[in-house]
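Values quoted throughout were computed directly from the atomic coordinates according to the rules given, and no laboratory measurement underlies them. The structure presented is a predicted model; accordingly, all values stated were derived computationally and were not measured. Cβ coordinates were reconstructed from backbone atoms using ideal geometry, including for glycine residues, and neighbour counts include every protein chain displayed.
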Amino acid sequence: MPKPNGWVNGKTIQSWRLRPSNTSKPQPEYIPAALREDYFEACAVRDTSPKASATLARRCLQGMIRDFCGITEARLIDEIRELRQRLNDGSAPRGVEPETVEAIDEVRGIGNIGAHMEKDINVIIDVDPGEAQALVELIEMLFDEWYVARHKRELRLAKVKAIATEKKAAIATGRAKVANGNASTADDEAPVVEG
């Protein structure tokens, strides 16, 4: 039975996240700012507007296809088709997997709920916060698998290249010293011809 002040024992009337204000994770600067902003905003509205969160997740994934995969078409569905084609012919970027493309296509469908109204405006499809969170987690996974993995790979390869360059220089210096040493020794050992 409700009490005069509006409280009901044992029932949660409202809940919200005080600190931190959302569940977004810090993302590295080498991920484009537009993608990080869409991700952060999708996290921020996940509980208050799951449909908006799903729409932002869809937008973020489309941006990732355009940036990371270098595919730009008029519609997301066409970009996904092109990505599938590249995956099939072996020209997709490292880290893009068939199940990833399938998941992105599923997000497209869920994100369309918020982005496009049904022909019959009385048909309302909801997205709950848990579903929006699953989309956010896909973005986080792809940030790791695509951007972070590529960055770490580039750093490791650059380190190996720097080591190789340093060693080549040391070898060249060593050879020059040996060549100069042999030239000096050859001059010292040359017979003296008196005339």
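Quick look at the values:
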quantity: For LYS51, LYS152, order by how many other beta-carbon atoms lie within 10 Å, fewest first; calculated: LYS152, LYS51
quantity: Simple Cβ-charge dipole of region 33-151, Lys/Arg +1 and Asp/Glu -1, about Cα centre, in debye nearest 20; calculated: 380
quantity: Residues in region 27-68 that a label on ALA158 would reach, taking backbone N under 19 Å of a point 7 Å out along Cα→Cβ; calculated: 27-33, 68
quantity: Fewest-first ranking of SER91, SER24, SER53, using other Cβ atoms within 10 Å as the exposure measure; calculated: SER91, SER24, SER53
quantity: Burial ordering of GLU99, GLU131, GLU166, GLU79, fewest other beta-carbon atoms within 10 Å first; calculated: GLU99, GLU166, GLU131, GLU79
quantity: Stretchable slack from LYS25 to LYS11, in nm (0.36 nm times residue separation minus alpha-carbon distance); calculated: 1.9 nm
